[in-house]
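The values are calculated or read from the model by the stated rules, or taken from the named source; none is laboratory data. Remember, it's a predicted structure, so these values are computed and weren't measured experimentally. Ideal geometry is used to build each Cβ from the backbone, glycine not excepted, and the neighbour counts take in all protein chains shown. Heavy atoms of the whole protein, side chains included, go into the accessibility calculation; ligands, DNA and RNA do not. Shrake-Rupley method; radii C 1.70, N 1.55, O 1.52, S 1.80 Å.
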Amino acid sequence: MRNKNVEALRTLLDLCHSDTSALQDTWNAILECFSRLDFLAWTPAMATTVMQGSTQISKDAIFQSLRELAGKPVEQVFVNSVKLPSESVVEFFTALCNVSAQELRQTPARVFSLQKLVEISYYNMARI
């Protein structure tokens, strides 16, 4: 089952894996998108609300696709932060800090991006 939103997320992930130099000042929007994807993928009630009007079969397929994308494909973007040039990694870290701050202001507070900050700090420790 194809869904335009799922396809857009796949395209975004492909871009993150193939042409990171083109992303520059768009990291904030991209990382915010990943944060929301994680929220939707692991909050079934929210995902069901977002997919109102879809048949149960299409909801299940879309929900499964969201979970798959929120897993390894998104995780790989953070792991690949070690491959970013110095300027880009600073933009990436800064954007992730901004998204993390937004998540922490939510009720209840979310820690997805804060956790990713810890992870990419570890991955990029050798850069210093």
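Here are a few things to note about the model shown:
- Residue pairs exceeding 23 angstrom between C-alpha atoms, taken from 4/116; 4/72; 4/83: 4/116; 4/83.
- When each of the peptides 85-96, 25-36 is scored by how many other beta carbons lie within 10 Å of its residues on average, the order from highest to lowest is 25-36, 85-96.
- Rolling a 1.4 Å probe over the heavy atoms of the protein chains gives the chain an accessible area of 60 Å² per residue.
- Computed [θ] at 222 nm, deg cm²/dmol, the chain (DSSP H ≥ 4; -39,500 (n - 2.57); rounded to nearest 500): -23000 deg cm²/dmol
- FRET efficiency estimate (nearest 0.05) - Cβ-Cβ, residue 121 to residue 24, R0 22 angstrom: 0.55
- Taking the chain and dividing mean pair separation by its residue count, relative contact order in percent (alpha carbons under 8 Å, at least six apart): 31
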